[in-house]
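What follows is a single structure, written as structure tokens, with notes after it.
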Amino acid sequence: MTEHSKIPLSGHDDAAHEAESQPQKQAPTGRTRGPGESLIERAAGRFDFNAIIARPGPLPVEPARKAPAPAALRVAATPEPAAPASVPPPFAAPLAAEQEPASPLAEPPFAAPIAFSDDHHPIDREHLREQGLIVPEGTVTALLEEFRIVKRQLLVQAADLRRQGAGAASQRILISSPHPGEGKTYCALNLALSIAAEKESEVLLVDADFAKPSILSALGLPGGPGLMDALMDETIDPAACVLGTDIPGLWIMPAGDATINDSEYLASSRTAEVLERLTENAPRRMVIFDSPPALAASPAAELAKYVGQTVVIVRADRTGQGALEDAISLLGACPNVQLLLNDAQFSPSGRRFGSYYGYKG
Ligand SMILES: Nc1ncnc2c1ncn2[C@@H]1O[C@H](COP(=O)(O)OP(=O)(O)OP(=O)(O)O)[C@@H](O)[C@H]1O
Ligand SMILES: [Mg+2]
């Protein structure tokens, strides 16, 4: 598992990058990228990606077709003022900034989805802001825009997979990366927040980092039974473990009890049953799994067998190409693996926010 090279930053010499790494920095500079290129495409363009992932997956789908590059969504130049947090009913129309076109998943009419909890826990918007996460009802930010593009690409691919017969797997997305600290949880949260804002989709964010769960604390949610409990105990209904939030369309499934046998439980036949239950009668629901580092623990490799798409987070100038190749090979059970660039920057105020670097073509 040798790292051969680090991923360079585009358009940034060392001095510039060093300057950016200081805690008191300028605002995001809107890094250059090719016309129509998303973060996923830019990341993939950096590697001989086909050579890394050229193998068929187990799903009954065609070989991965490249999703069409999404056109950048237009947003108002003037940010909208943040609305006070409220407790809307579940699946109410999204508020404020994220009024978006219909999801590609929303095609046929659907039966009522499986019911989750009636409790809708309040999410502290300020806490989201402090962590550099997307704030529902907040202003349009570069971060929001970036995740809109990423989301659109994944939803289009999900719709393609469903049309190709991948079933519920088409609704599942695994977030992984080779090492700790590369931004899996950060990107999983932002992706979930972005999908929750879709008019005709909802999202269940599952914490599958059993040894080091962090979704509940990031969202300020109370602890409770979760995925591992449902896997270990067949009498537990997985749907009963899901927490509602006051963000319309956002559901959370905690990791549950830690066990040294998490890999064995995930490898058991119960996993398929549990995961099926989470999307029962709910074809508009996307399920996102936040996972532990692929090179440090096996849950990501196990979950890769059940998802239609895997997004591997690449932290610019930190993730090594060798490690990336090793991780992608461990995630080989998933037929569609895509890379997503991630890095951190600092604002003049010192408050951290998300930003991403592009590569030179
Ligand atoms: N683009 C970004 N902008 C700002 N902060 C970021 C960004 N990406 C990650 N971070 C921060 O970096 C830290 C590590 O990120 P995160 O916890 O998401 O990594 P991880 O891959 O989930 O790590 P682990 O494998 O240990 O769970 C967190 O404090 C997170 O908020
Ligand atoms: Mg994490």
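Odds and ends about this structure:
- Förster radius 22 Å - calculated FRET efficiency between residue 270 and residue 124 (Cβ-Cβ, nearest 0.05): 0.05
- Treating r as the C-beta distance of residue 235 and residue 212 and R0 as 30 Å, the FRET efficiency rounds to 0.65.
- For residue 253, residues with placed amide H under 5 Å, excluding near neighbours: 205, 206, 207, 243
- Contour minus Cα-Cα distance for residue 257 and residue 277 (0.36 nm per residue): 5.3 nm
- Working ranking of peptides 148-154, 330-336, 268-274 by packing, defined as the average number of other Cβ atoms within 10 Å per residue, highest first, is 148-154, 330-336, 268-274.
- Under 5 Å from the amide H of residue 337 lie the amide H atoms of 310, each residue being 5 or more positions distant or on a separate chain, with H modelled from the backbone and absent for Pro and chain starts.
- Per-peptide packing, taken as the mean over residues of other Cβ atoms within 10 Å, places 309-317, 234-242 in the sequence 309-317, 234-242 from highest down.
- Where the Cα pairs of segment 178-332 fall when distances are cut into 5 Å bins, in %: 2, 9, 19, 23, 22, 15, 8, 2, 0, 0
- Close amide-amide hydrogen proximity is noted between residue 343 and 316, 355, 357, each under 5 Å apart and 5 or more residues distant or on a separate chain (H modeled in the peptide plane; Pro and chain starts excluded).
- Summed side-chain charge close to residue 123 - residues other than residue 123 whose Cβ falls under 12 Å, Lys, Arg +1, Asp, Glu -1: -2
Every read-out reported here was derived from the displayed coordinates using simple, explicitly stated rules and does not represent laboratory data. What you see is a predicted model, and the numbers here were worked out from it, not measured in a lab. No Cβ is skipped: glycine too gets one built from the backbone with ideal geometry, and neighbour counts run over all protein chains shown.
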